[in-house]
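Taking it in order: structure first as structure tokens, then the write-up.
The values are calculated or read from the model by the stated rules, or taken from the named source; none is laboratory data. Here the structure is a predicted model, which means the values were calculated and not measured. As a convention, Cβ positions derive from the backbone with ideal geometry for all residues, glycine included, and neighbour counts pool all protein chains shown.
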Amino acid sequence: MGFEPDQLQAFLDVASKNNRVKPTVYQGEYNILTRGLEKKILPLLRANGISYYAHCPLAAGFLTGKFTNDQHAGTRFATDHPLHQVFHSRYDVPALHEAVKTLERVGESRGISVRDASLRWIFYHSALRGDDGIITGCTTLEQIRENAESVACGPLPDDMAEVAEQIWAALSATRGDLL
């Protein structure tokens, strides 16, 4: 959880007033299901020359589709994981499971998994720009390889990118305040 926009603005005002160095990077969660920062934080960062470093592009693994498809053993969503409750409370919501199922359905005929679509969306269709960063948070070499292969496929087909926008339009009322 990062600073709220008013807190960040107050911090920047104090730094400016006291001739102190402003931060150059702000780090927060950003993915196809969590995009509240686009309207609340990014404009403030852009106005102050601050880059955004996005973490959780796969929503702690939720955007692999494993949890939705009841394959969560050995993941952060498994009941024996120490952060199980944190991730369940954040992502175990019917509308998010429906979003995953929609991405699965649309991507299936194209050979694009939910994980692939999510990574390709954040790299090529999100509000991030050249001086921003993406922290993929891989835990194995295999995940690094898979993620690199996904990103190397380039932008999503236009209709699939549009589905991502439709998903966010449906979720923004309930998830738009998450930063």
Open item on the list: I'm told residue 26 meets every condition in (1) under 30 Å from residue 97 (Cβ atoms); (2) hydroxyl-bearing (Ser, Thr, Tyr); (3) touching a Lys or Arg at 6+ places or on another chain (Cβ under 8 Å); (4) free of Cβ contacts under 8 Å to residues at least 60 places away in the same chain except one. Can you identify the failing condition by its number?
Closed with: (3)
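Test residue 17 against the stated conditions and say whether it is farther than 14 Å from residue 132 by Cβ and modelled with pLDDT of 95 or more.
Details: farther than 14 Å from residue 132 by Cβ: yes; modelled with pLDDT of 95 or more: yes.
For residue 17, the condition - farther than 14 Å from residue 132 by Cβ and modelled with pLDDT of 95 or more - is met.
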TODO: May I ask you to verify whether residue 32 is at pLDDT 95 or above, on the phi < 0 side of the Ramachandran plot, among the β-branched types (Val, Ile, Thr) and buried (at least 21 other Cβ atoms within 10 Å of the Cβ)?
DONE: yes
Open item on the list: Yes or no: the range 9-16 includes at least one residue that is assigned to a strand (DSSP E or B) and either acidic (Asp, Glu) or over 28 Å from residue 139 (Cβ atoms) (or both).
Closed with: no
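Which of the helices (runs of 4 or more DSSP H) contained wholly in the range 74-170 include at least 2 residues that are modelled with pLDDT under 90 and closer than 22 Å to residue 52 by Cβ? I'd like the intermediate steps shown before the answer.
Numbers: elements: 84-91, 94-108, 114-124, 141-152.
Helices (runs of 4 or more DSSP H) meeting the threshold: 84-91.
Quick check on residue 22: is it surrounded by fewer than 16 Cβ atoms within 10 Å (Cβ to Cβ), charged (D, E, K, R) and modelled with pLDDT of 95 or more? Write out each step before concluding.
Numbers: surrounded by fewer than 16 Cβ atoms within 10 Å (Cβ to Cβ): yes; charged (D, E, K, R): yes; modelled with pLDDT of 95 or more: no.
It is false that residue 22 is surrounded by fewer than 16 Cβ atoms within 10 Å (Cβ to Cβ), charged (D, E, K, R) and modelled with pLDDT of 95 or more.
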Task: Test: residue 173 is at pLDDT below 95, among the aliphatic types (A, V, I, L, M) and surrounded by fewer than 18 Cβ atoms within 10 Å (Cβ to Cβ) - done: yes
Open item on the list: Among (1) crowded, with 20+ Cβ neighbours inside 10 Å; (2) touching a Gly at 6+ places or on another chain (Cβ under 6 Å), there is one condition residue 53 misses while meeting the rest; what is its number?
Closed with: (1)
TODO: Of all residues in the range 132-152, count the ones that are under 23 Å from residue 28 (Cβ atoms) and either among the β-branched types (Val, Ile, Thr) or surrounded by fewer than 12 Cβ atoms within 10 Å (Cβ to Cβ) (or both).
DONE: 6
